[in-house]
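Heads up: the structure comes next, in structure tokens.
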Amino acid sequence: MRTLLATASLVFLLAACGPAVVAPPPVEDERLPLPEDPAEGKGEGEGEGEGEGEGEGDPGVPVTQATRSGILTTSDPTYDRTLQTGATLSAAGGDVPYDTVRVASASEVELTLTAETSAPGAPTTCAFDTMLFAYVPDFSPTNAVTTCTDGDDDSGVASTGPGACSVVSVTIPPRGTVTFVVTKFSGGATGDPWQLNMTSSDGLFTVAP
Ligand SMILES: [Ca+2]
Ligand SMILES: [Ca+2]
Ligand SMILES: [Ca+2]
């Protein structure tokens, strides 16, 4: 009888303790979805050593406003730039260093984009005499004339002095792309820092990382 009672107690204990001590699964550290607001995302960590490609807005998230920044260094490629009209090569602008910024339209209709150079973090000045060109869809350094749609030397926010900024406006076809070329008026790279400030008034776009 005692053995039976002991066995019964053990079975009861096992039955009672088994499921009751199962702990609830740990709550996952849920992350909030990424905000759509471009101001919330600082695109750090995407750039290379000199900070190429840094800017506001997560790559791939459609925005109406974005910035990218970089530096013209001796590691950058060079090309013979055109005059600001894009029609012919410039006598002063041989072998200038350049960086590119690729933008894709997220719109099903034509999209108008304005891009302007400045110094990084200083939207009203430029650190050197920038030149800016828009190429639709692609840029070829050995054929800089053909796909150039707009170019500018000194029409930007700082239009005088050695650091005269540049501004271009470009119409992108539906779901099309544009390649901006940031370069300098003349001379080789001397560690020239730049920022490109891009704004669309009529649609969304994404900037390549
Ligand atoms: Ca560069
Ligand atoms: Ca300029
Ligand atoms: Ca100039």
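The values are calculated or read from the model by the stated rules, or taken from the named source; none is laboratory data. What you are looking at is a predicted structure, and each value in this text was computed from that prediction instead of being measured. Glycine gets a Cβ as well: all are built from the backbone with ideal geometry, and neighbour counts include every protein chain shown.
Comparison of G151, G163, G156 shows that the only residue that is in a loop (DSSP other than H, G, I, E, B) and surrounded by 22 or more Cβ atoms within 10 Å (Cβ to Cβ) is G156. Within the range 50-78, the residues that satisfy the criterion of being farther than 20 Å from V167 by Cα and of a type in the set (S, T, Y) are T73, T74, S75, T78.
Taking the range 166-205 as the search range and keeping residues that are in a strand (DSSP E or B) and of a type in the set (D, E, K, R), which one is surrounded by the fewest Cβ atoms within 10 Å (Cβ to Cβ)? Outline the logic, then answer.
Here is the first cut: in the range 166-205, the residues in a strand (DSSP E or B) are 167-172, 177-184, 192-200, 205.
This time we only want the ones that are of a type in the set (D, E, K, R), so: 184, 192.
Values: K184: 22, D192: 24.
Of everything passing the filter in the range 166-205, K184 is surrounded by the fewest Cβ atoms within 10 Å (Cβ to Cβ).
Listed conditions (1) within 16 Å of ligand 2 (Cβ to nearest atom); (2) under 21 Å from the mean Cα position of the chain (by Cα); (3) closer than 25 Å to I172 by Cβ are all met by A106, apart from (1). Among the residues in the range 126-133, are any more than 20 Å from the chain's Cα centre (by Cα) and charged (D, E, K, R)? Checked against the condition, which is being more than 20 Å from the chain's Cα centre (by Cα) and charged (D, E, K, R), the range 126-133 yields at least one hit.
When both residues are 6+ apart or on different chains and their Cβ atoms are under 6 Å apart, which pairs have a first residue that lies in the range 103-115 and is hydroxyl-bearing (S, T, Y), and a second that is crowded, with 23+ Cβ neighbours inside 10 Å and part of a strand (DSSP E or B)? Partner pairs satisfying both residue conditions: S105/L111; S105/I172; S105/F205. Looking at the range 184-199, can you tell me whether even one residue there is at pLDDT 95 or above, more than 16 Å from ligand 1 (Cβ to nearest atom) and more than 17 Å from the chain's Cα centre (by Cα)? Among the residues of the range 184-199, at least one is at pLDDT 95 or above, more than 16 Å from ligand 1 (Cβ to nearest atom) and more than 17 Å from the chain's Cα centre (by Cα), which makes the answer yes.
Could you look through the range 120-147, keep only residues that are within 14 Å of ligand 2 (Cβ to nearest atom) and assigned to a loop (DSSP other than H, G, I, E, B), and pick out the one that is surrounded by the most Cβ atoms within 10 Å (Cβ to Cβ)? Even if it seems obvious, please write down each step before you answer.
Of the range 120-147, the ones within 14 Å of ligand 2 (Cβ to nearest atom) are 125-133.
Right, trim to assigned to a loop (DSSP other than H, G, I, E, B) and you get 125-129.
Numbers: T125: 14, C126: 28, A127: 21, F128: 21, D129: 19.
Checked the range 120-147; the qualifying residue surrounded by the most Cβ atoms within 10 Å (Cβ to Cβ) is C126.
Checked against the criterion of being within 16 Å of ligand 1 (Cβ to nearest atom), hydrophobic (A, V, I, L, M, F, W, C) and either at pLDDT below 95 or within 22 Å of D95 (Cβ to Cβ) (or both), the range 149-172 contains not a single residue that satisfies it.
Considered as a group, the residues in the range 75-103 that are within 16 Å of ligand 2 (Cβ to nearest atom) and in a strand (DSSP E or B) include one that is nearest to Q195 (Cα to Cα), and that residue is D99. Mind listing just one residue for me: the one in the range 63-74 that is more than 15 Å from W194 (Cβ to Cβ) and surrounded by fewer than 18 Cβ atoms within 10 Å (Cβ to Cβ) and, of those, farthest from ligand 3 (Cβ to nearest atom)? For the range 63-74, the residue satisfying everything is T64.
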